[in-house]
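This report concerns only the one structure given below.
The values are calculated or read from the model by the stated rules, or taken from the named source; none is laboratory data. Quick caveat: nothing in here was measured; it's all calculated off a predicted structure. Counting neighbours? That spans all protein chains shown, and the Cβs are built from the backbone with ideal geometry, glycine included.
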Amino acid sequence: MKRYDYLRDPAAIYERSFALIAAEADLARFPQALQTLVIRLAHAAGDTTILGDLAWSQNAVTAGTQALAGGAPILVDSKMVAAGIIAGRLPAQNNIVCTLDDPRVAELARGLETTRSAAAVELWRPHLAGAVVAIGNAPTALFHLLEMIADGGPRPALVLGFPVGFVGAAEAKAALAEIGGIDFITLRGRRGGSALAAAAVNALVGDA
């Protein structure tokens, strides 16, 4: 059987990956508290150039880590985000909540005249106060969350906003950065995805 010359040891792969990220990215421009998360995002994307589009609130990492340590739930917009979170590392056996498959979602979407992803966010209301939100798929989910908050709805501890796409993603993330009064981490522009949202959660619990 043909054998290729490549790294096979998981620890060596991680070590080499993080060394390459450190060599390619100017990590010093990020606050010390954010650097683990920055490295994780670059690793998940396989691309250090995304880091130039990263935006965050000053207290984001502290807000997220304290919320998770206190048992806050993690609200996600897709099963792909949920699957990427390393549940065994969560500090308080935190619940990971994805309401997309709830049987009420289809009717909610029709009533609200929106997507199923946005309608599913309506079902976050009982869990939202003090939660960590990780959105890695649907711009409409992030937009609807911001609308709920603007209307006086419960405020999460932290929003990790990484929706991806050509329609609405850049605009939703810009709105998150501009709304004020919410701690957030986001990636400006069209790039994003479930892997990045999950990586951000994992970084908050020390997976580096």
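In segment 48-60, the residues that are more than 7 Å from I185 (Cα to Cα) form Cβ pairs under 6 Å with partners that are at pLDDT 95 or above and surrounded by fewer than 20 Cβ atoms within 10 Å (Cβ to Cβ), at six or more places apart or across chains, as follows: I50/R191; D53/R188; D53/G189.
For G88, the conditions (1) at pLDDT 95 or above; (2) in a helix (DSSP H, G or I); (3) of a type in the set (G, A, S) are fulfilled apart from (1). Taking the criterion of being at pLDDT below 95 and farther than 19 Å from I74 by Cα, the residues of segment 179-207 that qualify are I179, G180, G181. For segment 166-208, filtered to residues that are among the small types (G, A, S) and within 13 Å of L37 (Cβ to Cβ), the residue that is surrounded by the most Cβ atoms within 10 Å (Cβ to Cβ) is A197.
Taking R16, is it closer than 17 Å to A134 by Cβ and either at pLDDT below 95 or β-branched (V, I, T) (or both)? No: the conditions fail for R16. Remark: pairs (first residue in segment 90-104, in contact (Cβ under 8 Å) with a residue 24 or more places away in the chain; second residue small (G, A, S) and surrounded by fewer than 18 Cβ atoms within 10 Å (Cβ to Cβ); Cβ separation under 6 Å; 6+ apart in sequence or on different chains) = P91/A69; A92/G71.
Within the set D77, D26, the sole residue that is acidic (D, E), at pLDDT 95 or above and either in contact with a strand residue (DSSP E or B) (Cβ under 9 Å, 6 or more places away or on another chain) or farther than 28 Å from N95 by Cα (or both) turns out to be D77.
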